[in-house]
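Structure, as structure tokens:
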Amino acid sequence: MGGAHSREDLEISDSESEEEENYQDVVEEEENGERSSERRTKTPSSLDEVEAKLRALKLKYPSQNHPILPNAVKLYLYIGGNTPKAKWVTSEKLTSYSFLKTCGNGGSDDDEQDDEEGGESWWILKVGSKVRAKVALEMQLKTFGDQCRVDFVSQGVWAMKFFSDDEYRNFVGKFQDCLFENTYGFESTDANKLKVYGKDFIGWVKPEVADDSVWEDAEDGYLKSPDPATPARASQDLREEFEEAANGGGIQSLALGALDNSFLVNDSGIQVVKNFSHGIQGKGVFVNFDNGNRRGGFGLEHSTPKKALLMRAETNMLLMSPMTEGKPHTRGLHHLDIETGKIVTEWKFEKDGTDITMRDITNDSKGAQMDPSGSTFLGLDDNRLCRWDMRDRNGMVQNLSDASTPVLHWTQGHQFSRGTNFQCFATAGDGSIVVGSIDGKIRLYSNNTMRQAKTAFPGLGSPITHVDVTFDGKWILGTTDTYLILISTLFIDKEGRTKTGFAGRMGNRISAPRLLKLTPLDSHLAGVNNKFRGAQFSWVTENGKQERHLVATVGKFSVIWNFQQVKNGSHECYHNQEGLKSCYCYKIVLKDDSIVDSRFMHDKFAVSDSPEAPLVVATHMKVSSFSISSKR
């Protein structure tokens, strides 16, 4: 388990003596020898002799023959990873950086920009002879304004220190301009930013002009809260309660229950586990997928279920099996009766007599899986958002024995004619719907219409791969490959009433979002091919209660943020930052294998000495439970 701040955040000193002592300068030994020689030299007898000896020492001060480099920086490299011997070393004491634009064939001209017609070109950052990287979010650039320093990832973790605040700010500004052009394909101008974000969201580009009153209100609530069950982050600790091997291994998904049981879905069936106040444990029950009740042509033998949805007081489960490996789309569902251990039917998706596909399903609302009479659920495809009903058009449960493949009834929804490219969705406590798209947009739909979004937040250039929403609908959490985005949906309408973006158009009183990121070091340790997945709030299904934590998975890391701390604008993470505020304070649960899913259990399982319900972390072979306890 890792803490919020790694040694990556240690200040790099400008003091030459400290630099040589703390960062093991590669020329330290040579300079020490030169200084020893100097101490043995007799006092010179003339100014010419003094000048000759100074030149012989090769001091690092500027001279007529060696002028200061344009865009001069000091370059450091972080070595040792997360070991006790990890440290910064000086890579180049004096070098320079430049932003270069590649040619259309992917090459670049180091002396000038060269953008050939007919080919794709982009900006790259070049630092001396050591760094050459495409300007992109994957660099995980982190700024330290008080140190005139930036850290980033490029086949290693690097730091650049600038010689003045102006030079530091010039670099950050140019980097952001290049990033905008690489992301959206046109020059970073005010007109183009307005085109991308719209006039209502210009605060997302210029956070300093955004209406941040909602964050200030959240901060005031955090500072004034008398609730002792929400201690400050420094007084919290993660403790592993249970770990056990999954029955048969190969865990593909985790379905947490709010009642007695939770479920691990693997290649051959479902393992039933018992919910406790300190986590989940196996109870020796395993439901094998029944091969004897298949009627359709999309059986479980062809693909392991990747999504499990609990329904009807958690006695039934819907299983989604993708048609093609690597793609989520499916033409139907398997309906499992958990109590009997039988797959009772295979539902087919159909609209107006034509088979259609779905890429995701979810419950009607945040707590709908606990409703014993629930028969409807929501479906999402690239350009479809709808509600499915397992009853027939007269409201009766279909006679499954008479149907070779029963058809789900499209009871509500919309098929969009233009490419919305929906990717994921989630529901609030009242059934309001949030949808994330491949272009990064996040749309909010009320609980009574799916035809037109009440609010559409612009993208920041990265596809939204997962979304979640708090029970009260006031906060949205979007997942991208390289960061999480936290958005407030609150606004004040013309009559002075506070509403959410699910209930009406937010206008221009929209606060800038906050980003949740890994530090460059943790991002590098997680691996370049590992991406953020499945960020979620802790699980609350009761009005008046507030989610306390956020959790996301990246590679072998389960990363946990304190929700109240993220909202606290005076938090140390936000000091001396440029652009959108980014929070780097988190805890890490490190596992030996890649993590399949990380989720908090239902709030009802939080005990008196813990501020949060247990965290469940599943790898393909094991499942572990962690409690967040208050240190005494």
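No value in this document is a laboratory result; all are computed from the given coordinates. Here the structure is a predicted model, which means the values were calculated and not measured. When we count neighbours, we look across all protein chains shown, and the Cβ atoms used for this are built from the backbone with ideal geometry, even at glycine.
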How much FRET efficiency would the formula 1/(1 + (r/R0)^6) give for residue 418 and residue 354, where r is the Cβ-Cβ distance and R0 is 22 Å, rounded to 0.05?
0.65
For a label point 7 Å from the Cα of residue 449 along Cα→C-beta, name the residues of segment 362-391 whose backbone N is under 17 Å from it.
385-387
At a Förster distance of 51 Å, what's the computed FRET efficiency of residue 313 paired with residue 509, Cβ-Cβ distance as r, to 0.05?
0.80
My understanding is that a pair violates if its Cα-Cα distance is over 20 Å; which of 283/545; 87/567; 93/161; 556/581 do that in this structure?
283/545; 87/567; 556/581
Mean separation of Cα contacts under 8 Å (6+ apart) over length of segment 354-510, as relative contact order %:
16
Entries in 126/587; 474/587; 142/306; 199/587; 130/195 that, when Cα-Cα distance is taken, lie over 31 Å:
126/587; 142/306; 199/587; 130/195
Between residue 176 and residue 93, Cβ-based FRET efficiency (R0 35 Å, step 0.05) works out to 0.80
Under a 5 Å amide H to amide H cut-off, with H placed in plane at 1.01 Å, what residues pair with residue 455 once short-range neighbours are removed?
444
Nearest 5 is fine: what % of DSSP beta bridges in segment 508-616 come out antiparallel, could you say?
85
